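As structure tokens, the structure follows; a few thoughts come after it.
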Amino acid sequence: MTPTLYQTLLGAAFFRLPDALRALHGVHGTARYTGEVTVVRGTGLLARLCGRLAGMPRAMTGAPITVDFASGPQGEVWSRVFGAPPKASRMRSRLSHRDGELRERIGPVHFRFVLHTWDGTIFWNVAGARLLGLVPLPAALFRDIRCNERDVDGRYAFEIEAALPLAGAVVRYHGWLLPESADAA
């Protein structure tokens, strides 16, 4: 079977990850995960504008989240729904790899990340970014973007925070996910 995106990027380290991370990042085809999320948005005008342009979810606490994963030979698509209708926020990103880096297209920005693992946690470090895939953006702009994934009590847990120079804190969201079938149990 063809290795998944994360198996390719992490190599042998992938197989030392906790079960919850290996299950989520080992999906071939499609899968749905559900869980809970808290989103804190920046309050400054520039932070709100940056969050809106990037398609970040609205602020919410202890809200439901659904993530549909579609994995294939060209990479993965993550379709997230934060909150419940009619006020749900949607965010979609495309992930792929090139030159040993994770590539994520989210809104108008195309990010390059270097992944590493430590003590059962996956850390994403920004290596570069481009606006609309064409205009290189200084990596220093994104030094305060932090992402990690880990296992908490058998659940896939995530934490993402983004701050930008001049704008300050743009968004921070964290929560957990379980495969939909496991969540229903």
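The values are calculated or read from the model by the stated rules, or taken from the named source; none is laboratory data. Quick caveat, the model's predicted, so the values are computed rather than measured. Note that each Cβ is placed from the backbone with ideal geometry, even for glycine, and that neighbours are counted across all protein chains shown. Ligands, DNA and RNA are excluded from the accessible area calculation, which covers all protein heavy atoms including side chains. Shrake-Rupley method; radii C 1.70, N 1.55, O 1.52, S 1.80 Å.
Looking only at region 93-113, filter to residues that are under 22 Å from L10 (Cα atoms) and in contact with a Gly (Cβ under 6 Å, 6 or more places away or on another chain); which one of those is most open to solvent (accessible area, probe 1.4 Å)?
Checked region 93-113; the qualifying residue most open to solvent (accessible area, probe 1.4 Å) is R112.
Just one of (1) at pLDDT below 95; (2) within 14 Å of the chain's Cα centre (by Cα) trips up G72, so point out which.
If we test G72 against (1) at pLDDT below 95; (2) within 14 Å of the chain's Cα centre (by Cα), just (2) comes out false.
Restricted to region 102-115, and to residues that are touching a residue at least 40 places away in the same chain (Cβ under 8 Å) and part of a strand (DSSP E or B), which residue is farthest from L5 (Cα to Cα)?
Of all residues in region 102-115, those touching a residue at least 40 places away in the same chain (Cβ under 8 Å) come to 102, 106-109, 115.
Of the ones still in play, those that are also part of a strand (DSSP E or B) are 102, 106, 109, 115.
Values: L102: 8, I106: 17, V109: 20, L115: 12 Å.
The residue in question is V109.
For the condition polar (S, T, N, Q), surrounded by fewer than 17 Cβ atoms within 10 Å (Cβ to Cβ) and not in a strand (DSSP E or B), what is the one hit in T43, T38, T61, T30? Full working, then the answer.
Details: T38 fails: not in a strand (DSSP E or B); T61 fails: not in a strand (DSSP E or B); T30 fails: not in a strand (DSSP E or B).
Just a single option satisfies the conditions, and that option is T43.
Considering only region 1-24, state which residues are in a loop (DSSP other than H, G, I, E, B) and in contact (Cβ under 8 Å) with a residue 40 or more places away in the chain. Outline the logic, then answer.
So the first thing to find is which residues in region 1-24 are in a loop (DSSP other than H, G, I, E, B), and the list is 1-4, 17-18.
Passing the criteria: T2, T4, L17, P18.
With (1) more than 24 Å from A139 (Cα to Cα); (2) open to solvent by 40 Å² or more (accessible area, probe 1.4 Å); (3) of a type in the set (F, W, Y) as the list, and W118 as the residue in question, which single condition is left unmet?
Result: W118 passes all but (1).
So G75 clears everything in (1) under 21 Å from A157 (Cα atoms); (2) touching a helix residue (DSSP H, G or I) at 6+ places or on another chain (Cβ under 9 Å) except one condition, right? Which one?
(1)
Please enumerate the residues belonging to region 136-170 that are charged (D, E, K, R), open to solvent by 50 Å² or more (accessible area, probe 1.4 Å) and touching a residue at least 24 places away in the same chain (Cβ under 8 Å).
Once the filter is applied, which keeps residues that are charged (D, E, K, R), open to solvent by 50 Å² or more (accessible area, probe 1.4 Å) and touching a residue at least 24 places away in the same chain (Cβ under 8 Å), region 136-170 yields R150, D151, R155.
Give me a count of the residues in region 64-92 that are open to solvent by 20 Å² or more (accessible area, probe 1.4 Å) and β-branched (V, I, T).
Qualifying residue count for the region: 3.
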